[in-house]
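Contents: one structure, followed by commentary.
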Amino acid sequence: MKEVNLNTGGSSYRISTGRSIVFAENQFHDLLSKKDRVAVIVSSRILELYDSRIKGIFRSYNNCDFFPMKDGEENKNYKYAEKFLNDLLSGGYSRNSAIVGIGGGVTGDFAGFIASVYMRGISLIHVPTTLLAMVDSSIGGKVAVNISAGKNIVGSFYQPEMVLSDTDFIQTLPENEFKNGITEVLKHAIIGEEKLLTILEENNLKSLRESDNVEAIVYLSALFKAKVVEKDEKEGGLRAILNFGHTVGHAIESLLEYKTISHGEAVAIGLLVESEISERIGWLTEQEKRRVADLISKYDLIYNKYKVKTNDILEHMKYDKKNTAGKINFVLLKGLNNPVYNQNVDIDLLKDVLGNLIF
Ligand SMILES: NC(=O)c1ccc[n+]([C@@H]2O[C@H](COP(=O)([O-])OP(=O)(O)OC[C@H]3O[C@@H](n4cnc5c(N)ncnc54)[C@H](O)[C@@H]3O)[C@@H](O)[C@H]2O)c1
């Protein structure tokens with residue numbers, strides 16, 4: 001097991017990564033034994049796959065309830081959150097209760113949101129079970145739910161008290177979900193963690209899934225993201241580099257209504273486009289851009305075919321939460337490992353690059 005400590009101004013917690021850490025040891029005891037009630041919000045798929053093992057972890061807490069959460073982005077919503085908060089109140093949950101979220105980013109974001117608002121905030125533990133959740137969504141304290149007008153619109157920064165990334169869960173993760181996580185690993189590799197770039201270049205989709213490699217990419221990603229979050233918890237500046245690939249990615253996801261395209265594929269398209277823009281303005285060399293494109297192709301990170309019109313993507317970029325004063329903000333690369341945030345892109349160049357997209 002390896003640990004990363006994340007210290008923000010107001011909180012400090014450990015992110016544990018490794019094999020069999022959730023099931024092998026009682027990691028929760030110190031925190032949960034002091035709580036009057038524990039709500040375990042668990043992805044229904046995870047409960048289906050790991051039922052007795054998950055329940056076994058919490059057997060010693062007789063004040064513990066399981067709340068299976070249906071999978072799918074559509075369930076990470078405000079209406080469901082309100083119903084859930086009412087259930088906690090009628091179930092006798094207090095300010096001294098805790099929430100444990102076990103699942104992918106959908107379950108984690110939802111559980112985090114509930115913990116952040118119930119009685120002005122109660123203890124939260126994340127147990128991420130997808131690669132994307134281990135390398136990205138469980139780290140850094142962004143919690144949110146969707147409303148009909150937009151995704152992740154209602155939320156806040158709310159740090160957990162512990163994150164347990166047990167890489168055993170990856171064994172049952174479907175391949176396309178694994179690829180969605182690799183896209184975020186690749187993003188970290190491109191913007192600052194060279195060791196990840198080496199691992200991605202030396203492996204392939206099959207070998208990367210071997211447990212030593214999974215452990216390494218989860219640990220290195222957690223370490224990298226934690227370092228960025230420590231410097232800028234609330235995304236006032238530096239943390240924006242983590243949005244590399246996401247300006248275009250979010251616009252495409254929103255255009256396709258979060259249905260036909262996964263977050264990972266949309267971001268992979270964004271990584272390609274934003275690398276291409278960086279090259280066209282002379283910041284990235286042709287060879288560096290090729291390294292990014294080759295990895296996207298080697299790991300098959302865009303695994304479906306999409307037809308999207310340039311003007312439609314541009315239209316959806318206007319509503320991005322990252323925009324300021326009506327300007328669309330990009331993260332661009334002044335070379336690999338050198339991202340620069342808050343960049344504007346000439347509209348004709350943007351149209352040209354988007355117009356040449358073929359998927
Ligand atoms: N908070 C953040 O900083 C942040 C960052 C990135 C993404 N997100 C959010 O994360 C969400 C996407 O998360 P995701 O990609 O983990 O998707 P997800 O939570 O929808 O999980 C993907 C699928 O994998 C299944 N699954 C989960 N773990 C499994 C396992 N071990 N074995 C088998 N199946 C398993 C789930 O049931 C689901 O069907 C989005 O809502 C996005 O907005 C949040």
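Against the criterion of being within 16 Å of the ligand (Cβ to nearest atom) and either in the same structural domain as Gly121 (by TED's automatic domain parsing) or among the hydroxyl-bearing types (Ser, Thr, Tyr) (or both), Asn62 does not qualify.
From the list Glu202, Glu193, the one residue that fits, being over 21 Å from Leu164 (Cα atoms) and exposed (fewer than 14 other Cβ atoms within 10 Å of the Cβ), is Glu202. Number of residues in region 256-275 that are surrounded by fewer than 20 Cβ atoms within 10 Å (Cβ to Cβ) and either in a helix (DSSP H, G or I) or of a type outside the set (A, V, I, L, M) (or both) equals 4. Can you find, within region 212-222, the residue that is surrounded by the fewest Cβ atoms within 10 Å (Cβ to Cβ) among those that are in contact (Cβ under 8 Å) with a residue 24 or more places away in the chain and out of contact with any helix residue (DSSP H, G or I) (no Cβ under 6 Å at 6 or more places or on another chain)? Checking each candidate, the answer is Tyr219. Of everything listed in (1) in contact with a Lys or Arg (Cβ under 8 Å, 6 or more places away or on another chain); (2) under 22 Å from Ile277 (Cβ atoms); (3) touching a residue at least 60 places away in the same chain (Cβ under 8 Å), the single unmet condition for His188 is (3). Yes or no: region 218-225 includes at least one residue that is assigned by TED's automatic domain parsing to the domain that holds Thr107 and in contact with an Asp or Glu (Cβ under 6 Å, 6 or more places away or on another chain). No, every residue in region 218-225 fails to be assigned by TED's automatic domain parsing to the domain that holds Thr107 and in contact with an Asp or Glu (Cβ under 6 Å, 6 or more places away or on another chain). For Leu208, the requirement of being surrounded by fewer than 17 Cβ atoms within 10 Å (Cβ to Cβ), modelled with pLDDT of 95 or more and aliphatic (A, V, I, L, M) is not met.
Per the listing Glu73, Glu48, the residue uniquely within 11 Å of the ligand (Cβ to nearest atom), over 21 Å from Val145 (Cβ atoms), assigned by TED's automatic domain parsing to the domain that holds Gly150 and surrounded by fewer than 21 Cβ atoms within 10 Å (Cβ to Cβ) is Glu48.
If only residues of region 108-124 that are in contact (Cβ under 8 Å) with a residue 60 or more places away in the chain and not polar (S, T, N, Q) are counted, the one that is farthest from the ligand (Cβ to nearest atom) is Ile114.
Within region 289-310, the presence of a residue that is touching a helix residue (DSSP H, G or I) at 6+ places or on another chain (Cβ under 8 Å), more than 19 Å from Glu201 (Cα to Cα) and among the small types (Gly, Ala, Ser) is excluded. Exactly one residue out of Ile313, Ile261, Ile269 is among the β-branched types (Val, Ile, Thr), in the same structural domain as Gly192 (by TED's automatic domain parsing) and at pLDDT 95 or above: that is Ile269. Counting only helices (runs of 4 or more DSSP H) that sit wholly inside region 1-117, those with at least 2 residues that are modelled with pLDDT of 95 or more and either touching a strand residue (DSSP E or B) at 6+ places or on another chain (Cβ under 7 Å) or of a type outside the set (A, V, I, L, M, F, W, C) (or both) are 44-57, 78-90, 105-117. The single condition among (1) of a type outside the set (Phe, Trp, Tyr); (2) over 21 Å from Tyr341 (Cα atoms); (3) touching a helix residue (DSSP H, G or I) at 6+ places or on another chain (Cβ under 9 Å) that Lys225 does not satisfy is (2).
Residues that are closer than 23 Å to Leu197 by Cα and surrounded by fewer than 24 Cβ atoms within 10 Å (Cβ to Cβ) within region 225-245 comprise Ala226, Lys227, Val228, Val229, Glu230, Lys231, Leu238, Arg239, Ala240, Ile241, listed in sequence order. Annotation note: Cβ proximity below 6 Å between a residue of region 87-107 that is closer than 21 Å to Ile46 by Cβ and a residue that is away from the ligand (no atom under 16 Å from the Cβ) and among the β-branched types (Val, Ile, Thr) (sequence gap 6+ or interchain) occurs for Ala98/Val38.
If a residue has to be β-branched (Val, Ile, Thr) and near the ligand (Cβ under 8 Å from one of its atoms) to count, how many in region 125-161 make the cut? So the answer is 4.
Tell me, yes or no, whether region 243-264 has at least one residue that is away from the ligand (no atom under 12 Å from the Cβ), aromatic (Phe, Trp, Tyr) and within 18 Å of Ala133 (Cβ to Cβ). No, every residue in region 243-264 fails to be away from the ligand (no atom under 12 Å from the Cβ), aromatic (Phe, Trp, Tyr) and within 18 Å of Ala133 (Cβ to Cβ). The strands (runs of 3 or more DSSP E) found entirely in region 128-192 that carry 2 or more residues being at pLDDT below 95 are 142-147, 150-157.
The values are calculated or read from the model by the stated rules, or taken from the named source; none is laboratory data. Computed from a predicted structure; not experimentally measured. Don't worry about glycine lacking a Cβ; one is built from the backbone with ideal geometry, like all the others, and counts go over all protein chains shown.
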